[in-house]
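First comes the structure, then the notes that go with it.
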Amino acid sequence: MTNATALVLFSGGQDSTTCLAWALERFERVETIGFDYGQRHRVELDIRPDILTQLRAQFLAWDDRLGNDHLIDLRSLGAISDTALTSDRAIAFAESGLPNTFVPCRNLLFLTYAAAVGYRRGLNHLITGVCETDFSGYPDCRDDTIKALQVALNLGMDRRFVVDTPLMWLDKAQTWALADEIGGGALVDILIEHSHTCYQGDRTHRHDWGSGCGACPACDLRAAGYTQWRRGLERLPTS
(Lines give C-alpha, C1' and ligand atoms only; values in the text may rest on other atoms or scores of the structure.)
Protein backbone atom coordinates (compact mmCIF):
# COMPACT_ATOMS: atom_id res chain seq x y z
CA MET A 1 0.00 0.00 0.00
CA THR A 2 1.23 3.50 -0.85
CA ASN A 3 0.54 6.74 0.99
CA ALA A 4 -0.98 8.25 -2.16
CA THR A 5 -4.67 9.10 -2.38
CA ALA A 6 -7.24 8.11 -4.97
CA LEU A 7 -10.64 8.99 -6.35
CA VAL A 8 -12.47 6.06 -7.97
CA LEU A 9 -15.10 6.59 -10.65
CA PHE A 10 -17.67 4.30 -9.08
CA SER A 11 -20.91 3.62 -10.96
CA GLY A 12 -22.04 0.59 -8.99
CA GLY A 13 -21.15 -1.77 -11.83
CA GLN A 14 -18.90 -4.81 -11.83
CA ASP A 15 -15.91 -3.06 -13.36
CA SER A 16 -15.94 0.03 -11.14
CA THR A 17 -16.50 -2.08 -8.01
CA THR A 18 -13.50 -4.21 -8.93
CA CYS A 19 -11.48 -1.02 -9.48
CA LEU A 20 -12.57 0.26 -6.09
CA ALA A 21 -11.32 -2.92 -4.42
CA TRP A 22 -8.08 -2.62 -6.41
CA ALA A 23 -7.64 0.92 -5.10
CA LEU A 24 -8.44 0.02 -1.49
CA GLU A 25 -5.63 -2.52 -1.58
CA ARG A 26 -3.14 0.11 -2.74
CA PHE A 27 -3.93 3.59 -1.45
CA GLU A 28 -4.02 5.12 1.98
CA ARG A 29 -7.20 7.12 1.37
CA VAL A 30 -9.81 6.37 -1.27
CA GLU A 31 -12.92 8.37 -2.13
CA THR A 32 -15.58 7.57 -4.71
CA ILE A 33 -17.50 9.57 -7.28
CA GLY A 34 -20.60 8.70 -9.29
CA PHE A 35 -22.58 10.50 -11.98
CA ASP A 36 -26.28 10.85 -12.65
CA TYR A 37 -26.34 11.55 -16.40
CA GLY A 38 -29.93 10.55 -17.05
CA GLN A 39 -29.02 6.92 -17.71
CA ARG A 40 -31.95 4.56 -18.25
CA HIS A 41 -30.24 2.06 -15.92
CA ARG A 42 -30.27 4.60 -13.11
CA VAL A 43 -30.76 1.73 -10.65
CA GLU A 44 -26.96 1.47 -10.62
CA LEU A 45 -26.90 4.69 -8.59
CA ASP A 46 -29.37 3.27 -6.09
CA ILE A 47 -27.21 0.21 -5.33
CA ARG A 48 -23.93 2.13 -4.90
CA PRO A 49 -24.48 2.72 -1.14
CA ASP A 50 -25.21 -1.00 -0.63
CA ILE A 51 -21.89 -1.94 -2.22
CA LEU A 52 -19.99 0.55 -0.09
CA THR A 53 -21.69 -0.81 3.03
CA GLN A 54 -20.81 -4.38 2.08
CA LEU A 55 -17.17 -3.51 1.40
CA ARG A 56 -16.86 -1.78 4.76
CA ALA A 57 -18.50 -4.65 6.62
CA GLN A 58 -16.69 -7.54 4.95
CA PHE A 59 -13.23 -6.01 4.54
CA LEU A 60 -12.44 -4.31 7.82
CA ALA A 61 -8.97 -3.25 6.69
CA TRP A 62 -10.62 -1.18 3.95
CA ASP A 63 -13.08 0.58 6.22
CA ASP A 64 -10.60 3.17 7.51
CA ARG A 65 -9.28 3.87 4.01
CA LEU A 66 -12.69 4.37 2.36
CA GLY A 67 -13.66 8.01 2.57
CA ASN A 68 -16.37 10.27 1.18
CA ASP A 69 -18.65 9.42 -1.70
CA HIS A 70 -19.57 12.15 -4.20
CA LEU A 71 -22.57 12.08 -6.55
CA ILE A 72 -22.52 14.60 -9.40
CA ASP A 73 -25.60 15.73 -11.34
CA LEU A 74 -24.76 15.52 -15.05
CA ARG A 75 -28.29 15.05 -16.36
CA SER A 76 -27.61 17.79 -18.89
CA LEU A 77 -25.39 15.24 -20.67
CA GLY A 78 -28.34 12.87 -21.02
CA ALA A 79 -30.53 15.71 -22.24
CA ILE A 80 -28.23 16.45 -25.18
CA SER A 81 -27.35 12.80 -25.93
CA ASP A 82 -29.41 10.86 -28.43
CA THR A 83 -28.42 7.37 -27.29
CA ALA A 84 -29.89 4.08 -26.14
CA LEU A 85 -28.41 4.61 -22.68
CA THR A 86 -30.20 7.92 -22.13
CA SER A 87 -33.54 7.25 -23.85
CA ASP A 88 -35.98 4.37 -24.28
CA ARG A 89 -34.94 2.88 -27.60
CA ALA A 90 -33.68 -0.42 -28.94
CA ILE A 91 -29.96 -1.07 -28.73
CA ALA A 92 -28.41 -1.19 -32.19
CA PHE A 93 -25.48 0.03 -34.24
CA ALA A 94 -25.60 3.62 -35.46
CA GLU A 95 -24.61 4.79 -38.94
CA SER A 96 -21.19 5.69 -37.54
CA GLY A 97 -20.54 2.01 -36.86
CA LEU A 98 -20.58 2.58 -33.11
CA PRO A 99 -23.26 1.02 -30.90
CA ASN A 100 -25.98 3.53 -30.03
CA THR A 101 -25.14 2.95 -26.37
CA PHE A 102 -22.13 5.22 -26.89
CA VAL A 103 -22.68 8.49 -24.99
CA PRO A 104 -20.39 11.10 -26.60
CA CYS A 105 -17.89 12.68 -24.20
CA ARG A 106 -19.13 10.64 -21.22
CA ASN A 107 -15.78 9.38 -19.98
CA LEU A 108 -14.06 12.63 -20.92
CA LEU A 109 -16.53 14.59 -18.79
CA PHE A 110 -16.47 12.06 -15.97
CA LEU A 111 -12.70 12.26 -15.63
CA THR A 112 -12.70 16.05 -15.95
CA TYR A 113 -15.25 16.41 -13.16
CA ALA A 114 -13.36 13.82 -11.12
CA ALA A 115 -10.17 15.84 -11.55
CA ALA A 116 -11.98 18.95 -10.31
CA VAL A 117 -13.14 17.08 -7.21
CA GLY A 118 -9.72 15.50 -6.79
CA TYR A 119 -8.08 18.92 -7.01
CA ARG A 120 -10.27 20.22 -4.18
CA ARG A 121 -9.98 17.06 -2.07
CA GLY A 122 -6.24 16.49 -2.52
CA LEU A 123 -6.67 13.18 -4.39
CA ASN A 124 -3.98 12.66 -6.99
CA HIS A 125 -4.92 9.30 -8.55
CA LEU A 126 -8.08 9.05 -10.66
CA ILE A 127 -9.17 5.46 -11.21
CA THR A 128 -11.55 4.36 -13.93
CA GLY A 129 -12.72 0.97 -15.19
CA VAL A 130 -12.47 1.73 -18.89
CA CYS A 131 -11.21 -1.18 -20.95
CA GLU A 132 -9.90 -1.42 -24.51
CA THR A 133 -10.27 -5.20 -24.60
CA ASP A 134 -14.05 -5.24 -24.01
CA PHE A 135 -14.80 -1.64 -24.85
CA SER A 136 -17.67 -2.22 -27.33
CA GLY A 137 -16.11 0.19 -29.80
CA TYR A 138 -16.29 3.19 -27.47
CA PRO A 139 -13.47 5.57 -28.52
CA ASP A 140 -13.36 7.21 -25.07
CA CYS A 141 -12.34 3.86 -23.52
CA ARG A 142 -9.13 3.61 -25.53
CA ASP A 143 -5.75 3.76 -23.83
CA ASP A 144 -4.63 6.58 -26.16
CA THR A 145 -7.69 8.64 -25.19
CA ILE A 146 -7.02 8.24 -21.48
CA LYS A 147 -3.33 9.07 -21.81
CA ALA A 148 -4.12 12.19 -23.84
CA LEU A 149 -6.71 13.30 -21.29
CA GLN A 150 -4.25 12.80 -18.43
CA VAL A 151 -1.81 15.14 -20.18
CA ALA A 152 -4.56 17.72 -20.74
CA LEU A 153 -5.72 17.58 -17.11
CA ASN A 154 -2.19 17.98 -15.79
CA LEU A 155 -1.47 20.92 -18.09
CA GLY A 156 -4.83 22.61 -17.59
CA MET A 157 -4.86 22.31 -13.81
CA ASP A 158 -1.12 22.54 -13.13
CA ARG A 159 -1.46 19.49 -10.89
CA ARG A 160 0.05 16.02 -11.19
CA PHE A 161 -2.82 13.59 -11.70
CA VAL A 162 -2.35 9.94 -12.59
CA VAL A 163 -5.26 8.27 -14.36
CA ASP A 164 -5.11 4.57 -13.46
CA THR A 165 -6.93 2.01 -15.63
CA PRO A 166 -6.54 -1.39 -13.91
CA LEU A 167 -8.81 -3.17 -16.42
CA MET A 168 -7.50 -1.62 -19.64
CA TRP A 169 -6.03 -4.82 -21.06
CA LEU A 170 -8.27 -7.39 -19.32
CA ASP A 171 -11.22 -9.21 -20.81
CA LYS A 172 -14.29 -9.82 -18.65
CA ALA A 173 -13.14 -13.26 -17.50
CA GLN A 174 -9.87 -11.74 -16.33
CA THR A 175 -11.83 -9.02 -14.51
CA TRP A 176 -13.72 -11.69 -12.56
CA ALA A 177 -10.37 -13.35 -11.83
CA LEU A 178 -8.89 -10.07 -10.62
CA ALA A 179 -11.76 -9.59 -8.17
CA ASP A 180 -11.24 -13.12 -6.88
CA GLU A 181 -7.51 -12.46 -6.49
CA ILE A 182 -8.12 -9.25 -4.55
CA GLY A 183 -10.99 -10.23 -2.28
CA GLY A 184 -11.71 -13.90 -2.79
CA GLY A 185 -15.21 -15.31 -2.62
CA ALA A 186 -16.45 -12.45 -0.45
CA LEU A 187 -15.73 -9.85 -3.11
CA VAL A 188 -17.06 -12.05 -5.91
CA ASP A 189 -20.29 -12.50 -3.93
CA ILE A 190 -20.62 -8.72 -3.54
CA LEU A 191 -20.22 -8.34 -7.29
CA ILE A 192 -22.85 -10.99 -7.99
CA GLU A 193 -25.40 -9.88 -5.42
CA HIS A 194 -25.02 -6.11 -5.45
CA SER A 195 -23.26 -4.71 -8.53
CA HIS A 196 -25.30 -3.75 -11.60
CA THR A 197 -24.30 -3.90 -15.27
CA CYS A 198 -27.53 -4.41 -17.26
CA TYR A 199 -28.32 -1.58 -19.70
CA GLN A 200 -32.04 -2.20 -19.16
CA GLY A 201 -31.79 -1.57 -15.42
CA ASP A 202 -33.30 -5.00 -14.73
CA ARG A 203 -32.87 -6.19 -11.13
CA THR A 204 -35.71 -8.74 -11.27
CA HIS A 205 -34.03 -11.58 -13.16
CA ARG A 206 -31.36 -13.43 -11.18
CA HIS A 207 -28.54 -15.39 -12.84
CA ASP A 208 -25.38 -17.11 -11.62
CA TRP A 209 -23.44 -13.94 -12.51
CA GLY A 210 -25.91 -11.48 -10.95
CA SER A 211 -29.08 -9.60 -11.85
CA GLY A 212 -29.99 -8.36 -15.32
CA CYS A 213 -32.17 -8.85 -18.36
CA GLY A 214 -29.76 -11.46 -19.71
CA ALA A 215 -30.12 -10.19 -23.28
CA CYS A 216 -28.48 -6.75 -23.60
CA PRO A 217 -24.81 -6.42 -24.64
CA ALA A 218 -23.71 -5.62 -21.08
CA CYS A 219 -25.39 -8.74 -19.70
CA ASP A 220 -23.99 -10.87 -22.53
CA LEU A 221 -20.46 -9.68 -21.81
CA ARG A 222 -20.77 -10.15 -18.06
CA ALA A 223 -22.32 -13.62 -18.40
CA ALA A 224 -19.77 -14.84 -20.94
CA GLY A 225 -16.89 -13.60 -18.81
CA TYR A 226 -18.28 -15.26 -15.71
CA THR A 227 -18.73 -18.58 -17.53
CA GLN A 228 -15.22 -18.45 -18.98
CA TRP A 229 -13.73 -17.60 -15.58
CA ARG A 230 -15.61 -20.41 -13.81
CA ARG A 231 -14.54 -22.94 -16.46
CA GLY A 232 -10.96 -21.84 -15.98
CA LEU A 233 -11.24 -22.50 -12.24
CA GLU A 234 -12.65 -25.96 -12.88
CA ARG A 235 -9.61 -26.82 -15.03
CA LEU A 236 -7.14 -25.87 -12.32
CA PRO A 237 -5.36 -28.89 -10.79
CA THR A 238 -6.36 -29.77 -7.24
CA SER A 239 -3.66 -30.42 -4.65
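The values are calculated or read from the model by the stated rules, or taken from the named source; none is laboratory data. All of these numbers come straight from a predicted model, not from anything done at the bench. Reconstructed Cβ throughout: ideal geometry from the backbone, glycine too, with neighbour counts over all protein chains shown.
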Select from the range 14-44 the residues that are at pLDDT below 95 and either in contact with an Asp or Glu (Cβ under 9 Å, 6 or more places away or on another chain) or assigned to a loop (DSSP other than H, G, I, E, B) (or both) and list them in ascending order. F35, D36, Y37, G38, Q39, R40, H41, R42, V43
The one condition T145 fails out of (1) modelled with pLDDT under 95; (2) part of a loop (DSSP other than H, G, I, E, B) is (2)
Is one or more of the residues making up the range 65-85 of a type in the set (D, E, K, R), modelled with pLDDT of 95 or more and assigned to a loop (DSSP other than H, G, I, E, B)? yes
Could you figure out which of (1) touching a strand residue (DSSP E or B) at 6+ places or on another chain (Cβ under 8 Å); (2) among the charged types (D, E, K, R); (3) surrounded by 15 or more Cβ atoms within 10 Å (Cβ to Cβ) isn't true of E28? (3)
In the range 203-229, residue surrounded by the most Cβ atoms within 10 Å (Cβ to Cβ) [restricted to those that are in contact with a helix residue (DSSP H, G or I) (Cβ under 8 Å, 6 or more places away or on another chain) and among the charged types (D, E, K, R)]: R222
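Here's the yes/no breakdown for (1) closer than 20 Å to A6 by Cβ; (2) touching a Leu at 6+ places or on another chain (Cβ under 8 Å); (3) exposed (fewer than 14 other Cβ atoms within 10 Å of the Cβ); (4) modelled with pLDDT of 95 or more:
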| residue | (1), (2), (3), (4) |
| --- | --- |
| V130 | yes, yes, no, no |
| F135 | no, no, no, no |
| Y138 | no, yes, no, no |
| N154 | yes, no, no, yes |
| V162 | yes, yes, yes, yes |
| L167 | yes, yes, no, yes |
Checking the structure you have, find out if any residue of the range 157-165 is closer than 18 Å to A23 by Cα, among the aliphatic types (A, V, I, L, M) and not in a helix (DSSP H, G or I). yes
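Conditions (1) of a type in the set (G, A, S); (2) without any contact (Cβ under 8 Å) to a residue 40 or more places away in the chain, marked per residue:
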position: A4; (1), (2): yes, no
position: V8; (1), (2): no, no
position: G13; (1), (2): yes, no
position: T18; (1), (2): no, no
position: A23; (1), (2): yes, no
position: E28; (1), (2): no, yes
position: I33; (1), (2): no, no
position: Q39; (1), (2): no, no
position: E44; (1), (2): no, no
For the range 209-239, which positions are in a loop (DSSP other than H, G, I, E, B), without any contact (Cβ under 8 Å) to a residue 60 or more places away in the chain and closer than 25 Å to R42 by Cβ? W209, G212, C213, G214, A215
Based on what the data block shows, is I190 in a helix (DSSP H, G or I), in contact (Cβ under 8 Å) with a residue 60 or more places away in the chain and over 15 Å from the mean Cα position of the chain (by Cα)? no
Only one of (1) touching a Leu at 6+ places or on another chain (Cβ under 9 Å); (2) of a type in the set (A, V, I, L, M, F, W, C); (3) modelled with pLDDT of 95 or more; (4) assigned to a helix (DSSP H, G or I) fails for L123. Which number is that? (4)
